Structures are given as C-alpha cells and as structure tokens.
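Structure record follows, encoded as structure tokens.
Each reported figure results from applying straightforward, stated rules to the coordinates on display, with no laboratory input. Source: prediction; values computed, not measured. Ideal geometry is used to build each Cβ from the backbone, glycine not excepted, and the neighbour counts take in all protein chains shown.
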Amino acid sequence: MHSEEHIHLKGIQRCSFKIGNMQNKIISLFSFLFLAVLGIVLFQSCANMAAPTGGAYDVDPPKVRRATPDFHSLNTTPSRIEIEFDENIKIKSPAEKVIITPPQQTMPVIRSVGKKAVVELKDELLPNTTYTIDFTDAIADNNEENPIENFVFSFSTGSQLDTLSISGKVLTAQNLEPVPGTYVGIHSNFDDTVFTRVPFERISRTDSRGNFTVRGMAPGKYKVFALGDLNRDYKYDNPQETIAFLDSIVVPTTMPAVRQDTVFVDSLTIDTIRTIQYTRFLPDDLLLRSFQSDFQRQYLQKHERTEPHKLTLLFAAPTEMPVFSLLQPEVTRDDWYVMERSAKNDTLMLWITDSLIYQQDSIRMKINYIRTDSLNRNYTETDTLSFNIRKSARDRRAEKKNEGKEEGDKEKEIRFLGINSNVQSTFELYSPLRIEFEQPVVRFDSSYVQLMIAVDSLFEPVPFRVEPDSLNPRKVTLRPRWEPGGKYTLTVDSAVLISHYGLWNNKYEQSFTVKPLDQYGNLEISISGLPEGKAAFVELLDKSDKPFRKSHVKRNVARFQDLPPGEIYARLVVDENGDGLWTTGNYEENRQPEEVFYYPGKWLIRAYSDHMEEWQLDAVPVIRQKPLEITKNKPEEKKRRDLNRERENQKQNQQNSPFGLGGNRGGGASGMQQMGGMR
C-alpha cells in the first residue's frame, strides 16, 4: 500500500512539474511578444519625431526675375519700384541697411510683398541724375534667410547712367575699431563750409566691419567725408556728431583686373577654379579715421550739499575754473574752504573748513561759469545757487537709533578718520604707495607715516619721497626705492592726524611683500617708420584693449621695465602737440586726429627675461593692424558655406546613428535625446 501511494504521488509531482513548465513557457512567450510590440511602437514613434530631410539644404539666395522699371533704365522718373524674385522674400532692417543715393530727405517706404521688393520714393527726383538703391544684404529668402550680398538697383532720370564707385573703410581714430552704420558721403564743391551747410551729393553706409562703397558716381573730383548723422540731414551741423574727412582729393577711375572664382560641387568638394575678368573701381582702399571734436556743450549740470561741510558742483563738460563767492553767509575772504577737483574742472568739491559757515542750514553762492548757447557759442553765465543740508544715510540711521532716548542714554558713536591705501599683501615692484584720507586733514607730516623693511629678525626704516596730490588734498603718494622680494610694514600711529571736522585717526598698519625680480620681464621695442622729428609714445594694452603702461619713444626706442608675465599688445600714438595724450581732430581748424598704429601681433612676456622686439609701423596696412583678439567689433565668424557644411555634417551623423533615424532639418535633437524625451 505504501508502495502504491508513493508511485501515485510521484506521478502527481511529474504532472505538476509539466504543467508548471508549460505555464512558464506561456508567460515567457507573452513577455517576449509584449516587449517586441513595445519596441516596434517606440521605434516608430521615435523615428516619426524627426522631420524628413527634404533633400539638400537651400543655401542659394533669391534670384531676380524682373524689375519695374528695368535695371539701368534711362530717362525714367519712377515713384514706385518693384523687383520680383523667384521665391518669397523678406527685407531685414530696411531703414538701417537700404541706402538710396542721392539721399532722400523724406524717408521712402521699403517693404516686401510676397516675392516682390517694393520701394516707394517720396522725394521729387532730380533731373539728369543717377539713382542707386543699395540693398546691401537686406533681402533674403523667407525660409532659410539666405541673403543677396551687395544687391544694387540703379536707374537714371537722364540719358546717361553713372557707374563709377569708390570704397574703403572707416575706423575709430583713437583705437582703430571698425565703425558700423556711419554715413560716407561725397562733395564735388570744395568749399570748406559745404560739409556743414549742404547735404551729401551721394552717400553710402558702412557695414558691420566698417566697409563702405559709394556708387553711381560721375567722372570728376571729390572730397570724401564720414558722418555719424544724429538728425539725418546728411551734413555736419552738430559738433557732437562723429566725423572723418580726407585731406586729399579723390578721382574715381577703373581698371581691368582678374580674380580667382571657386566653383563647388557641394559644400565640401571643389569642382573648378576659374579666372574671372572684371572691372576694378578705384580707389578701393580709402581710410577714414573717425573722431568727435573736443567741443562739448558746457553748463552747470548739478549742485548739491550731501554733507553740511561739503558743496559739490558738477559740470556737463570740461570747463574753465568758475569764479564764486558766498552771499549767505557773506564772506569776503577765500580761506573758508579746501578745494578738491577733477583734472578738467568738470567736478568741484568745496570742503568748508569754517564751522560758522557749515553750521548754517542754508548757503547761497554767486557763481560765474561758462555756458553754451543754442548756437553752440560759449558765454559767461552768472547764477545764484542755494545749498540746503541733505542729511546722509549715516546721519539718518544715527537719528533713528537715538529716537525716544533720553539725552544721557544716547549712545555716542565713536568714529575715526578713515584711511585707505593701495597696499595689497603682494605688491608690485613698480607701484608707489598711495594713501587717501576720508576727509581733508589739518596738517600732514611725513613723520606721521613709518615704512619699515624686515632685515634678518629686525625692522629698519625705509626713506621715501612724499608727493601731495595736486587735485585731491586728501591724497598723498609715497615713493620709496623698493627692495625686490622685501617684506614691509606701513604704519600710521593713532591720533596723529585730525581732520578739519574733528575726526582723529585710529592706528593703521599693513604688512606686505614686494614681488621679487624673477617675477618680472623687461621689454625694449625698436621702432622704424616713425615720421621724422615727430614725438610719440607707446601704450601697452591688456586683452580688453585697455592701456596699463606708457613709455615715450626716445631715439626710436620705447623701454618698459618690471612687466608682469603674460600676453601684451601695443599701440603707438604720434604725439603732434607733445602733451603725452591722444588728441582728437577739429574740422574747423582742418586738423586731423593724432595718428595711431597698432602692433599687428602680441608679445609674450616671460618672467626674469629681457625681450628685444622690432616694430615696423607700415609693415601692415593700418586697416589690418589691430589684432582680432582685442577688436571689440569682430567680423562675422560664420559664413553661409560654413553653416551649410555644419548642417550636412549633422545630417550625416544622424543618418549614421545606430537608431537609423532621419536627420532633422530644423537641427533638432538626436535620436537618443528624442527617445529620452518620450520616456
């Protein structure tokens, strides 16, 4: 019995095992089918997210089909011009990019209508005149925005079409930066006042890199100008407008020339290089150096009394020192203040030292100063100014803090005379010490300041020369002879300085180390091409085009010592007036701005090294001298062909993707990113 039961149980176990095995197979089959269906759905969904490639990218600009009137038409006076293209177009920034010459006093209407560019002229057309509409790169197709470069339409109201042109570049005179969006115009009348009285005969406008082309010129002689026109009247009638003018007379001509033209199979493969004959219009290398005259409208911009003992006068421009006197309280002497001023007197601060005056709630002053009238002429203005106390934020906080307190309970804030210096823990070997006090002090003596150097385990005093600041009575400069690598301590003992307003100084102490010589390099520049007998100076520039050191050129050599290591750039200024500064031009005086040259590369200063460099000023044309790294107005870095190459590479990468997804014309996400987005 027992044996039969055992056999029966084993049979049941075998049957159960078979049934369980079949169930597992069925579950596995369903799981496989589910995963397969899910994978197909995901694959189709991801693949469908990418738009079809649509073939090669459109990189061709629109093509002209017809124009009304036709190109180069003669004896025509249209008020409406229509140019039809082979596809829908757009006109980008027509007010800025489209130049119509002769210039129009009334703005024309320029718009796109489907495949047409429409220009509606509002001015009456001049007889026997060539009109040129320079669209520059404003017209582009509506989808890919491929622009038509240098697209020009012209016609003549007479029987002859003038076709000569001149071209060149406009640079800022002081730093050789390209000047975009400024007008360049011509005059055939050589009277000096024409530029200031009469609109240009023909105009152009510089592109983003400062390049210009004046088109439709008749044979003849011309003067050329650039104008940052503020009121769009095409003449220099505002001294605050930037201008440029050529000293020489320009005669437009032509000559036959050849150029190499490359034909591409696609964006990567060159088909042929053809030699093209064309007509070259000269001159095509004009350089206009743009500047703003040193004229500035003068007037008193602001006057205030932020502290009881300080009066501030702010002028709109550099000015002559004004003449002033107090009316209330009436004071006849001139020792009631200490003056702090800017280098060109556009900011004056009068520190009142007489307590009987600064304790007055109101002060009235009579002042004579230079003011500019509506005709840009300067005259002496006489005015009466009132100065009322305007409490500082610190005084308001102190009053609020003491509100509601009894007189004996009020906390008296202890204030010391503030002292600042340019001392840092690591100090430059070539820098002097500069100390500035919060308020003018009654008396400063060099014995109040101690400068000590560590020698072995002791500190020894260091002699120095004291230079009071000629503009700011609160500043002094200390000039010691630094010991490279020396460890120093600057100390001002407490209570040795008192301001005119009763503030004493707290003890001031700073320790610092002067850099050793092996952390500096020296530079000597031999310069050739400098005009004979001209003074000049060289400025060293950092990567932001900001000067940080200057040296005068002596016997064609500029020397710099103790330069920090790193990359540096340089520019040279021909100092015509010998004042050590760059001086702007003046059209009325027929004076050009002082010439500026940039070294066309950079120098790497190495520590503990002497560098001998050569600089030929005219080795590279001025228009190409300034290094691109420090040029703020950089040229466009991507051309249309580069963009096409990038797109084709992207499309190829997507086609080679392991997911087999098509490329996205819009430059969308890759297949992996699309699948991730679905999750």
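Compute the signed sum of charges (Lys and Arg +1, Asp and Glu -1) over the other residues within less than 11 Å, Cβ to Cβ, of E84. Show your work: numbers first, answer last.
Values: positive: K63, R65, R66, K115, K116; negative: E82, D86, E87.
Spelling it out: positives minus negatives among the neighbours equals +2.
Taking R0 as 22 Å, what's the FRET efficiency between M339 and D294 from their Cβ-Cβ distance, rounded to 0.05? Present the calculation step by step, with values, prior to reporting the outcome.
Working: r = 24 Å, r/R0 = 1.11.
The value I calculate is 0.35.
To the nearest 20 debye, what is the magnitude of the charge dipole of the range 300-393 about its Cα centre, counting +1 on the Cβ of each Lys and Arg and -1 on the Cβ of each Asp and Glu?
Charge dipole of the range 300-393: 220 debye, to the nearest 20.
Taking Rh as the Kirkwood radius, which is the inverse of the mean 1/r over Cα pairs, what is the Rg/Rh value for the range 64-290?
Numbers: Rg = 18.3 Å, Rh = 18.8 Å.
Dividing the radius of gyration by the Kirkwood radius yields 0.97.
Alpha carbon centre of the range 452-481 versus the range 151-211: separation in Å?
58 Å
What does the charge count around L490 come to, taking other residues whose C-beta lies under 12 Å from its C-beta (Lys +1, Arg +1, Asp -1, Glu -1)?
On the way: positive: R434, K487, K507; negative: D493, E509.
Once all neighbours under 12 Å are counted, the net charge is +1.
Around I370, what is the net charge, scoring Lys/Arg as +1 and Asp/Glu as -1 over all other residues with Cβ under 10 Å from its Cβ?
Working: positive: R371; negative: E320, E381.
Net charge in that neighbourhood comes out at -1.
I want to verify the translational diffusion coefficient of the range 300-393 in µm²/s; compute it with Stokes-Einstein, Rh as the Kirkwood radius over Cα pairs, at 37 °C and 0.692 mPa s. Numbers along the way, then the final one.
Working: Rh = 13.9 Å.
For these conditions, the coefficient is 236 µm²/s.
Here are some pairs, K475/K634; K344/K515; K97/K221; K97/K632; K169/K546; K122/K223; which of them have Cα atoms lying more than 31 Å apart in this structure?
Numbers: K475/K634 41 Å; K344/K515 35 Å; K97/K221 27 Å; K97/K632 21 Å; K169/K546 23 Å; K122/K223 28 Å.
The pairs that break the limit, which is 31 Å between Cα atoms, are K475/K634; K344/K515.
Considering the alpha-carbon set of the range 519-630 alone, what are its Rg and its Dmax in angstrom?
For the range 519-630, the Cα-based Rg and Dmax read 14.3, 51 Å.
Give me, ordered by chain and number, the residues 5 or more places off G485 or on other chains with an amide H under 5 Å from its own placed amide H.
Under 5 Å from the amide H of G485 lie the amide H atoms of V514, K515, L517, each far enough along the sequence or on another chain.
Can you sort I605, I363 from fewest to most other Cβ atoms within 10 Å of each residue's own Cβ? Write out the running numbers ahead of the final one.
Values: I605 19, I363 22.
Least to most surrounded, the residues fall as I605, I363.
Do you know the relative contact order of the range 300-393, to the nearest whole percent, from alpha carbon pairs under 8 angstrom that are 6+ apart?
On the way: 187 pairs, mean separation 31.3, N = 94.
Across the range 300-393, relative contact order equals 33 percent.
From the backbone phi of the range 439-455, what are the Karplus-calculated ³J(HN,Hα) couplings (6.51 cos²θ - 1.76 cosθ + 1.60, θ = phi - 60°) in whole Hz, Gly and Pro given as x?
Working through the residues one at a time gives 9, x, 9, 5, 8, 10, 10, 4, 6, 6, 10, 10, 10, 10, 10, 7, 10 Hz.
For the range 162-256, what is the per residue volume of the convex hull drawn over the alpha-carbon atoms, in cubic angstrom? Don't skip to the end; give the middle numbers.
On the way: hull volume 10.3 nm³, N = 95.
For the range 162-256, the hull spanned by Cα atoms encloses 108 Å³ per residue.
Sort V251, V574 by Cβ crowding within 10 Å, fewest neighbours at the top.
Numbers: V251 13, V574 17.
With the sparsest Cβ surroundings first, the list reads V251, V574.
In nm, to one decimal, how far is the V331 label point from the T279 one, both placed 7 Å along Cα→Cβ?
7.7 nm
How fast does the range 419-515 diffuse by Stokes-Einstein, in µm²/s, taking the Kirkwood radius from C-alpha pairs at 37 °C and 0.692 mPa s? Provide the component values of the computation, followed by the final result.
Details: Rh = 14.0 Å.
Translational diffusion coefficient: 235 µm²/s.
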